[in-house]
Amino acid sequence: MMKLSQRLMQAAFMVVISCSALGADKRPNIVVILADDLGYNDVGFTNGQTEIKTPRLDALANEGVVFENGYVTHPYCGPSRAGLITGRYQARFGMENNVTYSPDDKYMGLPLTEKTFPARLQEVGYKTAIFGKWHLGGAPHFQPNERGFDYFYGFLDGGHNYMPGEVHLGAGGYLLPIMRNKGVAEFDEYLTTALSRDAARYIERTSKEQAPFFIYMSYNAPHAPLQAPQNYLEKYAHIKDEKRRTYAAMVDAMDEGIGMLIDALDKSGELDNTLIFFLSDNGGLYPYSWWPDYTWADNSPFRFGKVALTEGGVHVPFIAYWPKKITKGKRLNGLVSALDIAATSLALAGANTKDAKLDGVDLTAYVTGKSKQSPHKALFWRMEEADNLWAVRTQTEKYLNQPLPDLGLAFFDMVKDPIEQHNILGQRPKQEQQLAKLWNDWNKKNQRNVLLQNEAYEKRRDSFYDALYQESLKEAQKPQWYIQ
């Protein structure tokens, strides 16, 4: 006779099988849509004063929640994405640089000590996929299929050309063929559209498997190079500046691509049970003295843009959409971070986070109106280019140091002056000390940056090959040995 414990285990197993067959897993699907170098004022939902058309994003915002104070963890691509994908400040594990595409370097990538939150979702039954830009390491062990994703369609470097027919082997990362999982793939249309279409097809396939899914829609749009199809350019013929016109067309194409995902979710019956986040990885480009021609993005009303610790660099368009869960047209004023995406996703999935050391918070109570508090009391930033580049923001004030024109060491009243026009340094010494202490306490848990920045790394790599070649030339000039 079968033992009672065996019968109970068998019965439990049959219940799991039956629930799966009936589609009983009601945990939400999660979709994270990340734009690249998008200006704050280049979508309609931030203040509606842009000439760029973003109807699909605006509809999500109108039906969901806009995070009025939504931030990323770093003002440029690689570190910001490292923070988002781990749910931890990238300073915690010393990755504050843009990873160089160097597939032979076993160290140049997101440290293997860090587990991504998609990997934790996998452990509790989620299907996971990434489309587009990775930028967290090119060596095989750093690639998406080894870091928590069942499916990958995209590219490993920090950007890519958009037009089909331009790729070739032996080129730089922007011209390499794109990948499907670990193999070479193709695209025969504008890249933003191709990525969106593949994601829509993935939704159609995966929705039939009766398992929740996670999608990381990691666009490289509207990151340079500035390229757009003619039909999109014609929509913005009224914009005289050619760069701005092309950029607008790129944002428009991304918005239409996002529409493909929304339509696929709707068609598959998954839309009502899907939590969607949209944000940019940092602010849009700004014409600093070192790149004066980068004029196409609009970060107004904020100062500066990408690479700045001012609002223009880290305060980004950020929304969440979740039908029947989020009150329509909600605007949340509390401090929200890209770090919160991981914490929220893992909480909803019921994943184990005991060893995760997450820096974000679960936003569920805030977006559903159960909590009226700010998700964070303070947010922090640090840059590796120098020891004195830092910022800390509370709900009411911001303290920062960065040698940009008319900036340097600065203190701002974020209630009266949210666009950082009036530096009141020295007028509130007590608050300055309080914010400095907050930052110092946070920084005690951080690690110094480990990897070289992209430009410095490439110089060192080139120097190594030059030295190796010169050494080989000297060896080749020595007397030759012959068999007598």
Response to the item:
(1) within 26 Å of A61 (Cβ to Cβ); (2) assigned to a loop (DSSP other than H, G, I, E, B); (3) over 17 Å from the mean Cα position of the chain (by Cα) all hold for D263 apart from (2)
Worksheet item: Would you call V66 of a type in the set (V, I, T), in a loop (DSSP other than H, G, I, E, B) and either out of contact with any Cys (no Cβ under 7 Å at 6 or more places or on another chain) or in contact (Cβ under 8 Å) with a residue 60 or more places away in the chain (or both)?
Response: no
Worksheet item: Yes or no: K354 touching a residue at least 12 places away in the same chain (Cβ under 8 Å) and open to solvent by 10 Å² or more (accessible area, probe 1.4 Å)?
Response: no
Item to complete: Among the candidates E475, E455, single out the residue that is farther than 30 Å from G173 by Cα, at pLDDT below 95 and in a helix (DSSP H, G or I).
Response: E475
Item to complete: Specify which of the listed residues (Y174, Y107, Y101) is within 18 Å of R461 (Cβ to Cβ) and in a helix (DSSP H, G or I).
Response: Y174
Worksheet item: Hey, among the residues in the range 281-296 that are touching a residue at least 24 places away in the same chain (Cβ under 8 Å) and in contact with a Ser or Thr (Cβ under 9 Å, 6 or more places away or on another chain), which one's most open to solvent (accessible area, probe 1.4 Å)?
Response: Y286
Worksheet item: Among the listed residues F152, F131, which satisfies the condition of being in contact with an Asp or Glu (Cβ under 7 Å, 6 or more places away or on another chain), open to solvent by less than 10 Å² (accessible area, probe 1.4 Å) and not in a loop (DSSP other than H, G, I, E, B)?
Response: F131
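Each row is one residue, and each column tells you yes or no for (1) among the small types (G, A, S); (2) open to solvent by 20 Å² or more (accessible area, probe 1.4 Å); (3) not in a loop (DSSP other than H, G, I, E, B).
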position	(1), (2), (3)
G369	yes, yes, no
Q373	no, yes, no
W381	no, no, yes
A386	yes, yes, no
A391	yes, no, yes
Y399	no, yes, yes
D406	no, yes, no
F412	no, no, yes
Fill in: Selected residue (only one of A248, A224 is in a helix (DSSP H, G or I), under 14 Å from L285 (Cα atoms) and of a type in the set (G, A, S))
A248
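Here is a yes/no grid of residues against (1) closer than 28 Å to Y236 by Cβ; (2) modelled with pLDDT of 95 or more:
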{"position": "D263", "(1), (2)": "yes, yes"}
{"position": "A297", "(1), (2)": "yes, yes"}
{"position": "S300", "(1), (2)": "yes, yes"}
{"position": "V316", "(1), (2)": "yes, yes"}
{"position": "Y321", "(1), (2)": "yes, yes"}
{"position": "K325", "(1), (2)": "no, no"}
{"position": "L339", "(1), (2)": "no, yes"}
{"position": "A365", "(1), (2)": "no, yes"}
Fill in: Number of the condition not met by P111 [criteria: (1) under 19 Å from the mean Cα position of the chain (by Cα); (2) open to solvent by less than 20 Å² (accessible area, probe 1.4 Å)]
(2)
Worksheet entry | Filtered residue count, the range 34-57, keeping only those that are crowded, with 24+ Cβ neighbours inside 10 Å and on the phi > 0 side of the Ramachandran plot | 1
Fill in: Filter result (crowded, with 24+ Cβ neighbours inside 10 Å and on the phi > 0 side of the Ramachandran plot) within the range 70-99
G87
Fill in: In the range 374-430, the residues that are at pLDDT 95 or above, within 23 Å of the chain's Cα centre (by Cα) and of a type in the set (D, E, K, R)
K377, R382, R393
Item to complete: Would you mind stating whether V316 is of a type in the set (V, I, T), touching a Ser or Thr at 6+ places or on another chain (Cβ under 6 Å) and crowded, with 24+ Cβ neighbours inside 10 Å?
Response: yes
Worksheet entry | Residue list for the range 256-299, restricted to those being closer than 30 Å to D25 by Cβ and hydrophobic (A, V, I, L, M, F, W, C) | I258, M260, L261, I262, A264, L265, L271, L275, I276, F277, F278, L279
Discussion item. Residues that are surrounded by fewer than 21 Cβ atoms within 10 Å (Cβ to Cβ) and touching a Ser or Thr at 6+ places or on another chain (Cβ under 7 Å): does the range 58-66 have at least one?
Written reply: no
Worksheet item: What are the residue pairs meeting all of these: first residue in the range 95-124, first residue without any contact (Cβ under 8 Å) to a residue 60 or more places away in the chain and over 21 Å from E385 (Cβ atoms), second residue open to solvent by less than 70 Å² (accessible area, probe 1.4 Å) and among the charged types (D, E, K, R), Cβ atoms under 8 Å, and 6 or more apart or on different chains?
Response: E114/R88; T116/R147; A119/R147
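The values are calculated or read from the model by the stated rules, or taken from the named source; none is laboratory data. What you are looking at is a predicted structure, and each value in this text was computed from that prediction instead of being measured. Note: ideal-geometry Cβ built from the backbone for every residue, glycine included; neighbour counts use all protein chains shown. The area values use the complete protein model at the heavy-atom level, side chains included, leaving out ligands, DNA and RNA. Shrake-Rupley method; radii C 1.70, N 1.55, O 1.52, S 1.80 Å.
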